[in-house]
Amino acid sequence: MKRWNEILKNLTLLTQFGLSLITPLLLCLGLCWYLCEHTGLEGWIFIPGFIFGLGGSATFAWKFYLMTMKKDKKEAKKRGGISFNRH
């Protein structure tokens, strides 16, 4: 049962990671589409929207990486290093 909990936890984290990466890009492109349709802007507006969307996704990925590295360091410190039994 413990194994299933770990699998579901990892699957949930993977899904959340994927959604968090794609959402900024979709929001920026959706805003660009709205601007093209309702304000009469040309299609060139999609280029900066795509770049800003990728920037938002990259920012999330960097923050996630830093959080993961911090967590790994904390766990490694908690486990401790090599210990010797001295009698």
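The values are calculated or read from the model by the stated rules, or taken from the named source; none is laboratory data. What you see is a predicted model; the values in this text were computed from it and never measured. Every residue, glycine among them, receives a Cβ derived from its backbone with ideal geometry; neighbour counts consider all protein chains shown.
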Starting from region 59-87, keep only residues that are on the phi < 0 side of the Ramachandran plot, then list their pairs with residues that are at pLDDT 90 or above and surrounded by 10 or more Cβ atoms within 10 Å (Cβ to Cβ) whose Cβ atoms are within a distance under 6 Å, requiring at least 6 positions of separation or different chains.
F60/S20
Near pairs, Cβ below 6 angstrom, 6+ apart or cross-chain, from region 10-36 (in a helix (DSSP H, G or I)) to any residue that is loosely packed, with under 13 Cβ neighbours inside 10 Å and among the acidic types (D, E):
none
What residue, among those in region 38-58 that are free of Cβ contacts under 8 Å to residues at least 12 places away in the same chain and among the β-branched types (V, I, T), is nearest to L25 (Cα to Cα)?
I51
Counting only residues in region 36-83 that are of a type in the set (D, E) and farther than 23 Å from T23 by Cβ, the one modelled with the highest pLDDT is identified as E42
Checking W4 against (1) of a type outside the set (K, R); (2) part of a helix (DSSP H, G or I); (3) surrounded by 10 or more Cβ atoms within 10 Å (Cβ to Cβ), which test does it fail?
(3)
